[in-house]
Amino acid sequence: MTREFTCIVCPNGCDIKTEIKVGQDGKHEICSIDGALCARGEVYVKQELTDPRRSIATSVLVKGGVLPLASVRLTNSIPKDRILDAVTEIKRCSLTAPVFSGTVIIKNILGYNSDVIVTKEVPASEK
């Protein structure tokens, strides 16, 4: 069976064709990988077939700030099928201004060795 992937690891966005077969144990066995311009593309395809992961960026509410939201992101990728759970957990948070970039707002989200950190500073409103 042939599967096609668009690599998301680097800006090249390689279109990678992979020949795979499913073994008797139900796991994917890679027969060939074609189209990756760098070694990271092969690593990406292997991970997509065994343990797809993603990193996310979103925002949280800020009380008393010059902006209503602060952007946040994960420090490490988490399993793709847990993204909605992570977003639900993040949306439960709110911050009070001032908010500083790099602040960890959730440590070890969902137990996946990934923290949620602030990426946008939000000063306090002068009101």
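Computed quantities for the displayed model
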quantity: Test set (1) of a type outside the set (Phe, Trp, Tyr); (2) modelled with pLDDT of 95 or more; (3) under 20 Å from Val87 (Cα atoms) - Asp51 fails condition number; calculated: (2)
quantity: Members of the range 16-54 found to be over 30 Å from Val116 (Cα atoms) and of a type in the set (Asp, Glu), listed by number; calculated: Glu19, Asp25, Glu29, Asp34
quantity: Counted residues, the range 55-102 - those being assigned to a loop (DSSP other than H, G, I, E, B) and more than 11 Å from Val118 (Cα to Cα); calculated: 12
quantity: Residue that is nearest to the chain's Cα centre (by Cα) [pool: residues in the range 41-54 that are outside any helix (DSSP H, G or I) and surrounded by fewer than 14 Cβ atoms within 10 Å (Cβ to Cβ)]; calculated: Pro52
quantity: Selected residue (criterion: nearest to Arg53 (Cα to Cα)) from residues of the range 75-102 that are surrounded by fewer than 16 Cβ atoms within 10 Å (Cβ to Cβ) and of a type in the set (S, T, N, Q); calculated: Asn76
quantity: Residue pairs meeting the criteria (Cβ under 8 Å; at least 6 apart or on separate chains; first farther than 10 Å from Arg82 by Cβ and touching a residue at least 24 places away in the same chain (Cβ under 8 Å), in the range 101-114; second of a type in the set (A, V, I, L, M, F, W, C) and part of a loop (DSSP other than H, G, I, E, B)); calculated: Ile105/Cys93
quantity: Selection within the range 6-32 - closer than 24 Å to Asn76 by Cβ and either of a type in the set (Val, Ile, Thr) or surrounded by 11 or more Cβ atoms within 10 Å (Cβ to Cβ) (or both); calculated: Thr6, Cys7, Ile8, Val9, Cys10, Asn12, Gly13, Cys14, Ile16, His28
quantity: Qualifying residues in the range 104-127 (those that are part of a loop (DSSP other than H, G, I, E, B) and of a type in the set (Gly, Ala, Ser)) - the one surrounded by the fewest Cβ atoms within 10 Å (Cβ to Cβ); calculated: Ser125
quantity: Of the criteria (1) surrounded by 17 or more Cβ atoms within 10 Å (Cβ to Cβ); (2) in contact with a Pro (Cβ under 9 Å, 6 or more places away or on another chain), which one Val72 fails; calculated: (2)
quantity: Near pairs, Cβ below 6 angstrom, 6+ apart or cross-chain, from the range 11-24 (free of Cβ contacts under 8 Å to residues at least 40 places away in the same chain) to any residue that is surrounded by fewer than 14 Cβ atoms within 10 Å (Cβ to Cβ) and aliphatic (A, V, I, L, M); calculated: Asn12/Leu37; Cys14/Leu37; Ile20/Met1
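The values are calculated or read from the model by the stated rules, or taken from the named source; none is laboratory data. Bear in mind that the values here come from a model prediction, so they are computed numbers and not experimental data. When we count neighbours, we look across all protein chains shown, and the Cβ atoms used for this are built from the backbone with ideal geometry, even at glycine.
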